[in-house]
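J.: One structure, pasted below without further comment.
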Amino acid sequence: MNKIFKNRYLILRRLSQFTILFLYFAANYWGWKILIGNLSFSKLFNTIPLTDPYAFLQMLFAGAIISSNLIIGLVVILLFYGIIGGRAYCSWVCPVNLITDLAAWVRRKTHHEKDNLLSAMKIKKFRYAFLVIMLIFSAVIGAAAYEFINPIGFFTRGVAFTLGFTWVWLLVIFIFDAFVLKNGWCGHICPVGATYALIGAKNLIRVYHTKDNCTNCGNCFAICPENQVLSPVITKKDDFIHGIECTNCGRCIEVCNDNALKFSLRNFIKGEKNEKNSSN
Amino acid sequence: MDRRTFLNNLIQLSAATTAAGAVVAGFAEENKDKPLTLRPPGALPEDEFIKTCIRCGLCVEACKNRDNKMIVNGKEIDTLFLAAPGDKAPIGTPFFIARTGPCFMCDDIPCMYACPTGALTPKECQNDKGEVAIDYAKMGVAAIDPSSCIAFWGLQCTACYRACPELDKAITIEWKQNKRTGKHAYRIPVLHEEYCTGCGMCEMACVTEKPAIKIFPREVFLGKAGDRYVKGWDVKDQQRVKKASTKTTTKTPWSKKNPIQNLNQGVNWNE
Ligand code: SF4
Ligand code: SF4
Ligand code: SF4
Ligand code: SF4
Ligand code: SF4
């Protein structure tokens, strides 16, 4: 029982990720009308459109005529992640997260967390530059350029439609994350995750840290796929994890044995006060 | 971080992203250029289609769950697929393979109406009067290879003719005497592109080992006579002359010379 509680968010996340994949599959194979399509565009209950914001941006740059369906779908997504979810897409929805989490797990089990063929620091901001450059290239080639290699699209289409050689792409990501660069794909490259980080910069649900409970054990740093967001807060002040790259996965909350972390609603005025207090 | 390291990092970052971006863009450019891809009914012209299709698969889902399911030898025939890596179509976009899964030309065109982006649109599936129907789809055009079509050998076939949903319009049968035997007839299939939807039923039905009738995207197979040539016997076609854009630049000037001086210039007749 305790074990389930210790992994409550992990279990819920996997449930959410697999349910989404299952519904896409069921839509195509049995005609269920709950969630049709894939993660570039879907229809919820056959009515509510959901648009991937980065695919939308690429289409815009490629010079496509944008339909009203896509715009409505974009607004729904912006509202949901902008107000509530933050970057939750990455840890609660995206199936590539299953692979990169597995790679991170293999890394932890084989104790080579620090062995990176590439230097992580230099390319920390790579994803944002990559996001922009893919938009420019979309305009140049007249098609959504990143969609030709987007593993999220590969994965969801592979499950719902045809698999083909999709697994090769996914294997490459696994190997890259497990052996080349820690959290390499989601933490350094994926422009979709970067887009959601920007969209969710000001959302409400965030992890809150209570300084007095913290024993500086480092568990949260070890598990967090984006641990640069923890450094400004953990052991330093009572505050929310404001870093936009936090995926709201809740792993830090689960591994913290000292009750120093919890999900909470971010209130901006209070948050700023906290910052002032701690700097005094 | 001082200014120098900052600049250094910035340069490295830009170099890395440009390199990575160029690789991806190169791959995308290569991958999007698959001219033999057959698209669902109502698809925009290919260069517009590839921009507009978000690769959601709603069309594929609608096709898979359509009303007029076709079952051959106990196996349900799927028409549309979303291209996975390794398929002969740009990754993620819908296509069909006529030989194994032709379009069954559903009256309600569920695939087209399912498309949320307008990559499939009734505007590309209508006649001159603006009436939308599956019969006005232009998914491709069928072409016959007379060297392997057994009807051209003098054998009895007409499989494609009978499979065609645009019966007696897209394919007609032309009767000709078989001079080799002297007492038999050739029954030759003849295509009429203006009625052909490119559905591919004929290709699926074709009895030869490799189909003698195949579907090609229209822009791949069809030629264009241009403004220089007009069907003089066709009143409608004659109108094209008025809009002719081809300028004739080479003009042979009217020769002022006498033919005797001109044509036999420099010739000395033997006496
Ligand atoms: S970073 Fe990208 S691949 Fe990773 S979980 Fe987020 S969206 Fe998915
Ligand atoms: S896991 Fe908890 S106690 Fe340990 S460093 Fe993180 S917040 Fe502090
Ligand atoms: S019209 Fe053709 S492509 Fe469209 S749903 Fe019917 S069979 Fe499929
Ligand atoms: S429904 Fe439209 S946008 Fe979606 S895959 Fe089909 S053609 Fe593309
Ligand atoms: S593709 Fe073949 S079967 Fe379909 S309309 Fe054209 S000739 Fe007829």
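The values are calculated or read from the model by the stated rules, or taken from the named source; none is laboratory data. What you see is a predicted model; the values in this text were computed from it and never measured. Using ideal geometry, Cβ is built from the backbone for each residue, glycine included, and neighbour counts are taken over all protein chains shown.
J.: Please work out if residue B:172 is away from ligand 3 (no atom under 13 Å from the Cβ), at pLDDT 90 or above and in the same structural domain as residue B:93 (by TED's automatic domain parsing).
T.: No, not satisfied.
J.: With the requirement that a residue be more than 10 Å from ligand 4 (Cβ to nearest atom), facing chain A (nearest Cβ under 10 Å) and among the charged types (D, E, K, R), what does the stretch B:34-65 give you?
T.: Residues satisfying the conditions are B:47, B:48, B:51, B:64.
J.: Within the stretch B:178-222, take every residue that is assigned to a loop (DSSP other than H, G, I, E, B), away from ligand 5 (no atom under 11 Å from the Cβ) and crowded, with 18+ Cβ neighbours inside 10 Å and give me the one that is farthest from the chain's Cα centre (by Cα).
T.: Among those that are assigned to a loop (DSSP other than H, G, I, E, B), away from ligand 5 (no atom under 11 Å from the Cβ) and crowded, with 18+ Cβ neighbours inside 10 Å, it is B:212.
J.: While we're here: Can you confirm whether residue B:31 is more than 10 Å from ligand 3 (Cβ to nearest atom), surrounded by 12 or more Cβ atoms within 10 Å (Cβ to Cβ) and more than 7 Å from chain A (Cβ to nearest Cβ)?
T.: No: the conditions fail for residue B:31.
J.: Does the stretch A:119-127 contain any residue that is modelled with pLDDT under 85, part of a loop (DSSP other than H, G, I, E, B), more than 11 Å from chain B (Cβ to nearest Cβ) and surrounded by 15 or more Cβ atoms within 10 Å (Cβ to Cβ)?
T.: yes
J.: Looking at the stretch A:50-87, which of its residues are facing another protein chain (nearest Cβ under 9 Å) and either among the aliphatic types (A, V, I, L, M) or not in a helix (DSSP H, G or I) (or both)?
T.: Within the stretch A:50-87, A:51, A:52, A:55, A:59, A:62, A:63, A:64, A:65, A:66, A:67, A:70 meet the criteria.
J.: Something else about it: Is it fair to say residue A:99 is out of contact with any Ser or Thr (no Cβ under 7 Å at 6 or more places or on another chain), of a type outside the set (Asp, Glu) and either without any contact (Cβ under 8 Å) to a residue 24 or more places away in the chain or not assigned by TED's automatic domain parsing to the domain that holds residue A:192 (or both)?
T.: The answer is no for residue A:99.
J.: Please enumerate the residues belonging to the stretch B:66-76 that are more than 14 Å from chain A (Cβ to nearest Cβ) and more than 9 Å from ligand 3 (Cβ to nearest atom).
T.: Correct list: B:71, B:72, B:73, B:74, B:75.
J.: From the list B:6, B:95, which one is of a type in the set (Phe, Trp, Tyr), more than 7 Å from every other protein chain (Cβ to nearest Cβ) and surrounded by 16 or more Cβ atoms within 10 Å (Cβ to Cβ)?
T.: Answer to the check: B:95.
J.: Answer yes or no: is there a residue in the stretch A:33-40 that is outside any helix (DSSP H, G or I) and among the basic types (Lys, Arg).
T.: Scanning the stretch A:33-40 turns up at least one residue that is outside any helix (DSSP H, G or I) and among the basic types (Lys, Arg).
J.: Would you check if there is a residue in the stretch B:21-28 being away from ligand 3 (no atom under 13 Å from the Cβ), surrounded by fewer than 22 Cβ atoms within 10 Å (Cβ to Cβ) and over 25 Å from residue A:167 (Cα atoms)?
T.: Taking every residue of the stretch B:21-28 in turn, none turns out to be away from ligand 3 (no atom under 13 Å from the Cβ), surrounded by fewer than 22 Cβ atoms within 10 Å (Cβ to Cβ) and over 25 Å from residue A:167 (Cα atoms).
J.: Further question: So, in the stretch B:51-75, exactly how many residues are assigned to a helix (DSSP H, G or I) and closer than 8 Å to residue B:119 by Cα?
T.: Number of matching residues: 1.
J.: Here is a follow-up. Of the conditions (1) without any contact (Cβ under 8 Å) to a residue 60 or more places away in the chain; (2) within 16 Å of ligand 3 (Cβ to nearest atom), residue A:154 fails just one. Which one is it?
T.: (2)
J.: May I ask you to verify whether residue B:85 is within 14 Å of chain A (Cβ to nearest Cβ) and within 16 Å of ligand 3 (Cβ to nearest atom)?
T.: no
J.: Scan the stretch B:78-90 for residues that are within 12 Å of ligand 4 (Cβ to nearest atom) and part of a loop (DSSP other than H, G, I, E, B) and jot them down.
T.: B:80, B:83, B:89, B:90
J.: Shifting gears a bit: Name the residues in the stretch B:109-155 that are surrounded by fewer than 19 Cβ atoms within 10 Å (Cβ to Cβ), within 16 Å of ligand 5 (Cβ to nearest atom) and of a type in the set (A, V, I, L, M), would you?
T.: Matches in the stretch B:109-155: B:133, B:143.
J.: Among the residues of the stretch A:43-89, write down those that are among the hydrophobic types (A, V, I, L, M, F, W, C) and under 26 Å from residue A:12 (Cβ atoms).
T.: Of everything in the stretch A:43-89, those that are among the hydrophobic types (A, V, I, L, M, F, W, C) and under 26 Å from residue A:12 (Cβ atoms) turn out to be A:44, A:45, A:48, A:50, A:76, A:77, A:78, A:79, A:80, A:83, A:84, A:88.
J.: State all residues of the stretch A:184-205 that are buried (at least 20 other Cβ atoms within 10 Å of the Cβ) and not hydrophobic (A, V, I, L, M, F, W, C); if no residue qualifies, say none.
T.: Those that are buried (at least 20 other Cβ atoms within 10 Å of the Cβ) and not hydrophobic (A, V, I, L, M, F, W, C): A:184, A:187, A:188, A:191, A:193, A:195, A:196, A:200, A:203.
J.: Would you call residue A:18 under 26 Å from residue A:102 (Cα atoms) and either more than 10 Å from chain B (Cβ to nearest Cβ) or in contact (Cβ under 8 Å) with a residue 60 or more places away in the chain (or both)?
T.: Yes; evaluated as a whole, the condition is true for this residue.
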